[in-house]
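Just so it is clear, none of the values below were taken in a lab; they were calculated from the coordinates. Just so you know, these numbers come straight off a predicted model, no measurement behind them. Methodologically, a virtual Cβ is constructed for each residue, glycine included, from the backbone with ideal geometry; neighbour enumeration extends over all protein chains shown.
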Amino acid sequence: MAGSERITHAAGLALDAAKSHELVVVVSAMDGVTEQLLDLAAAAGDGHGESVQTLLKAIRASHEKTARELSGEAPAQVGGLLNKLDTLAGGILAVGELTPRLADAVVAFGERLSSVMMGVAMRCPALDGQQAGIVTTDHFGEADPLMELCIAGIGKNVRPLLAVGRPMVVAGFIAANQKGVTTTIGRGGSDYTATILGAALKADEIHIWSDVDGLMTADPRVVPTAKLLHTISFAEAVELGKFGAKSMHPRALEPAAAFGVPVRMRSTFKPENPGTLICGAVQPATAGGPSASAVRAVPMLKSLAMITIGGAGMIGRPGTAAAAFDALAVARINVHMICQSVSEAGISIVVSQAQVKKARTALERALLHHQPHGHGGVGGVRTTATGAAENTDHIINSIEVQEDLVVIAVVGGGMKGTPGVAAKVFTAIAEKSVNIIAIAQGSSELSIALAVQADQAKVAVAAIHEAFGI
């Protein structure tokens, strides 16, 4: 949705499919528009009138230009939506307060506008999420779908309109609560909308079109021999999504997995390629030890930092970990990886490099004032000459930060119950003289996560990929 040419190309792919299938097309906002709308909402809430007008003009200009290129003139529906956006932004600016509900109302215009333009390009009806029957909780910004209500609403609003050769468009990302108030469903929202619709309609397949061929065994810029994964399980795809592979957000896979609807990832630039099919359960590894059938991919997540809180006073003392994670949640810090020593004397938390200062500050404040249940307070925190924060009563002795890290994931359904996988991973890395800073593995055994210094990450990924002959 990066402009009229891309929209026309996508519409052509959809219309070809509609010749032989009942088809629902879900679209996201035009390229960069969601960020513009978020900036617009924030500027209006802060009372920055000049910024509001600049952003409104830019949003109007790009959509009217694209609409004219698609149809010869800007459709009245596009103009009407842009006028409503002007009015909403003006109201927020006048009040000088931005609530989560109003933020959702503003950001929803991106998908509403793009769906209208895709409808113009395909010459078919276009609905937003509420009109399609998608119902969510009241958690504005990242609402959860109420699937039983979604199934009923979609069956009533979408199913009767479908027929072979008669497609329709639905705006992604947007829904409504039970009172009909606009909500949005957060990161990966358009993919999520597609899987909700696909599950409710019992689709044969859900196709996610993007600029990549599908899921790869590794980043081809790091490992030139990386290959396309033609088939992968839902569980493996969720792991890849968690570790930053260019794939669907894990939440978006939930409805498809729950209702058994296969998801296919494809490239709009190479529509002849079948892409990656995500379906079914994890397949066990073949006999003969930790082979490529055990490990499917080696993705990595960049620009991370690790915060370690430690001290002998943590041992056997309830509440310290709860205080730390609660503080991070309140500060809206996304935790990518957690490690804790068996001794309970240290907890390491991996967060994004961009959030590490905010995370450290939140932890220092929490550990300074928190009192675990049944014990005295966690005690005072002071900063040493080395930059580590030290606790004055030795319950928490230090808060240390390591920056410029990368988390490498070794992912594969066949790893479960297969001896020797971890040994092979560590041997491959050790032979390249790569130091592992932290390790985490969940009870599912579908992945092993390793934190290493950023300058050693490419060597480590290549070594693991080669060791398993993926």
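Here are the numbers:
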quantity	calculated
HN-Hα J in Hz across segment 451-463 - Karplus 6.51, -1.76, 1.60, θ = phi - 60°, x for Gly and Pro	9, 9, 5, 4, 6, 10, 5, 4, 4, 5, 4, 4, 5
Alpha-carbon centroid distance for the pair segment 136-199 / segment 262-280, whole angstrom	22
Phi-based couplings in Hz for segment 206-213 (Karplus 6.51, -1.76, 1.60; Gly and Pro marked x)	10, 9, 9, 9, 8, 9, 10, 5
Exposure proxy order (Cβ contacts within 10 Å, fewest to most) of PHE468, PHE426	PHE426, PHE468
Whole-number D in µm² s⁻¹ for segment 1-51, Kirkwood Cα-pair radius fed into Stokes-Einstein, 10 °C, 1.306 mPa s	119
Measure of compaction for segment 113-186 (Cα Rg per 2.2 N^0.38 Å)	1.11
Residue order, fewest to most beta carbons within 10 Å, for LYS84, LYS424	LYS84, LYS424
For PHE109, PHE259, order by how many other beta-carbon atoms lie within 10 Å, fewest first	PHE259, PHE109
Those lysines that a straight Cα-Cα span of less than 27 Å connects to LYS179, excepting residues fewer than 8 apart in one chain	LYS84, LYS156, LYS202
Ordering of 223-231, 63-71 by burial proxy (mean other Cβ atoms within 10 Å per residue, highest first)	63-71, 223-231
Volume per residue of the C-alpha convex hull in segment 4-204, rounded to whole Å³	103
Furthest towards positive pole of dipole, TYR192, ALA451, VAL261, structure part the chain, Cβ charges	VAL261
Cα-based helix-to-principal-axis angle, 320-330 vs the chain, degrees rounded to 10	20
Hz values of 3J(HN,Hα) by residue in segment 102-107 - Karplus curve (6.51, -1.76, 1.60), Gly and Pro given as x	5, 4, 4, 4, 6, 5
Label-point gap, in nm, between ASP138 and GLU73 - each point 7 angstrom along Cα→Cβ	4.5
Positive-pole candidate from VAL116, ALA17, LEU93, dipole of segment 4-204, charges at beta carbon	ALA17
Gain on full stretching of the segment that runs from HIS21 to SER303 - 0.36 nm per residue minus C-alpha separation	97.2 nm
Nearby lysines by direct alpha-carbon distance to LYS227 (threshold 19 angstrom, same-chain neighbours under 8 apart not counted)	LYS246, LYS270, LYS458
Segment 1-98: mean projected area of Cα convex hull, nm²	6.9
Whole-Å semi-axes of segment 205-281's equivalent ellipsoid (Cα gyration tensor)	19, 15, 10
Extended-chain gain in nm, criterion 0.36 nm per residue less alpha-carbon gap, PHE269 and ALA61	72.2 nm
Eligible aspartates and glutamates near LYS432 by straight Cα distance, threshold 14 Å, same-chain separation 8 or greater	ASP455, GLU466
Segment 146-187: trypsin sites (Lys or Arg not before Pro) in DSSP coil with no more than 11 other Cβ atoms inside 10 Å	LYS179
5 angstrom amide H check on GLY3, placed H, neighbours 5+ away	ASP31
Electrostatic dipole magnitude of segment 4-204 [Cβ: Lys, Arg +1; Asp, Glu -1; Cα centre; debye, to 20]	660
Three-way shape call for the chain based on the alpha-carbon gyration tensor, with the a/c threshold at 1.5	oblate
Degrees between helix 189-200 axis and first principal axis of the chain (Cα, 0 to 90, nearest 10)	70
